[in-house]
Amino acid sequence: MSLHAILTPPDLSLFRELTGVGEAELEVNFDGWSKLAVLSSDRVFLFPRRGRDEQLLHGARVSEALTALGVRCVPRVVGQWGEGVLSAGPFVAYERRLGVLWQYVEDDADLSAMSRLLESLGGAIASWHRLDLSLLPVELRGPGRFGRKQPWLNEFLEPDLVDDAADRVLRLLDPPTSWASIWRTALGGLAALPPVLLHGDVTEGQLLVDADGRVETVLDWDTAGIGHPLHDFDFGEWGFGIFGWEPDFASLRQVMWDAYRAGRSDAELPGWEQVHLLFTLAELAYFEQRERDGLNDDWGRTRLAHCRAALAPATESAA
């Protein structure tokens, strides 16, 4: 891949002068959905894909605010250049951190490695969820900028919607009578959790890990904003790889949530059992409805089978 996919020859010369990289060798990475990256030995320069200028600049503002507040897993902004400097649009320079993206190593992971990753990720999420929202710049206190997520999950996490959603999931899944109060208690308690600053797109492509597979850096804060804390725990946002561990989701959520709770001494939080039940119900209801509507493909039917198998243990654990 050539740098000229981002920068014309005149712009490349100006870029080298403006940033002080001189004649140093540069790499490029075009994997990002919203950004194009130019990498030097010590910095990552991010350019927006067409129409994504504001998202890029929002992410930079969030990163600056979080590093100022001492959140260690956020890369530091080390330079910004506005619109009109280069024809490729505004661009931002971040420090280049050590580590490898989890998406490049997850295929070789065993259950122990997945547990280490998610334990460290739970602690990292706590580091930005525990921030006092009043310390954030006013312009960063709006709702998260991510797209609408899985509909059952959205409704389970909204205090004004959760009671109706609980009624509907009971009608859809028709569980034993004894389960109804367990589900309502878990869903109601979790929906009432106070809002936090969300990353909004926690996935395998945003996590730089060290040699032991522990999260060192969380990238890409373009979707950050205020919302329900469980939006940063949604495996449904990840790629296919994590679902190879779906039979182990209970134990994986336990280590992740326990590490998160340990980092959230500021808050009264329920146990992992309620969290696991909520996500199991949201996923099961989604794929169950699709099955009844004839919309599930092989992937959906596999997910449905896993969720059905997980429901009784999840309910019993949360009782």
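The values are calculated or read from the model by the stated rules, or taken from the named source; none is laboratory data. Just so you know, these numbers come straight off a predicted model, no measurement behind them. We place every Cβ from the backbone using ideal geometry, glycine too, and count neighbours over all the protein chains shown. Please note that ligands, DNA and RNA were not included when accessible areas were found on the heavy atoms of the full protein model with its side chains. Shrake-Rupley method; radii C 1.70, N 1.55, O 1.52, S 1.80 Å.
Among residues that are charged (D, E, K, R) and either crowded, with 16+ Cβ neighbours inside 10 Å or touching a His at 6+ places or on another chain (Cβ under 9 Å) (or both), Arg303 is included. Considering only residues in segment 238-265 that are over 18 Å from Trp102 (Cβ atoms) and either aliphatic (A, V, I, L, M) or part of a loop (DSSP other than H, G, I, E, B) (or both), the one that is most open to solvent (accessible area, probe 1.4 Å) turns out to be Ser265.
Conditions (1) touching a residue at least 60 places away in the same chain (Cβ under 8 Å); (2) not in a helix (DSSP H, G or I), marked per residue:
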| site | (1), (2) |
| --- | --- |
| Thr217 | yes, yes |
| Gly236 | yes, no |
| Pro270 | yes, yes |
| His276 | no, no |
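Within segment 80-113, the set of residues being without any contact (Cβ under 8 Å) to a residue 40 or more places away in the chain and within 22 Å of Glu246 (Cβ to Cβ) comprises Tyr104, Asp108, Asp110, Ser112.
Applying the set (1) part of a helix (DSSP H, G or I); (2) surrounded by fewer than 21 Cβ atoms within 10 Å (Cβ to Cβ) to Gly294 leaves exactly one unmet item: (1).
Residue-wise test of (1) β-branched (Val, Ile, Thr); (2) out of contact with any His (no Cβ under 6 Å at 6 or more places or on another chain); (3) closer than 30 Å to Phe279 by Cβ.
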site: Phe45; (1), (2), (3): no, yes, no
site: Val62; (1), (2), (3): yes, yes, yes
site: Val105; (1), (2), (3): yes, yes, yes
site: Ala126; (1), (2), (3): no, yes, yes
site: Arg141; (1), (2), (3): no, yes, yes
site: Asp160; (1), (2), (3): no, yes, yes
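Does at least one position in segment 131-149 carry a residue that is farther than 19 Å from Arg61 by Cα, in a helix (DSSP H, G or I) and modelled with pLDDT of 95 or more? Checking segment 131-149: not a single residue is farther than 19 Å from Arg61 by Cα, in a helix (DSSP H, G or I) and modelled with pLDDT of 95 or more.
If you go through segment 178-235 and pick out every residue that is farther than 27 Å from Leu284 by Cβ and in contact with a Pro (Cβ under 7 Å, 6 or more places away or on another chain), you end up with 4. For segment 174-205, a residue qualifies if it is in a helix (DSSP H, G or I), of a type outside the set (Gly, Ala, Ser) and surrounded by fewer than 17 Cβ atoms within 10 Å (Cβ to Cβ), and the qualifying residues are Thr177, Arg184, Thr185.
Among the residues examined, Leu117 qualifies as under 19 Å from Gly200 (Cα atoms) and either modelled with pLDDT of 95 or more or among the small types (Gly, Ala, Ser) (or both). Taking segment 1-98 as the region of interest, the strands (runs of 3 or more DSSP E) fully inside it that hold 3 or more residues being buried (at least 20 other Cβ atoms within 10 Å of the Cβ) are 35-39, 43-48, 91-95.
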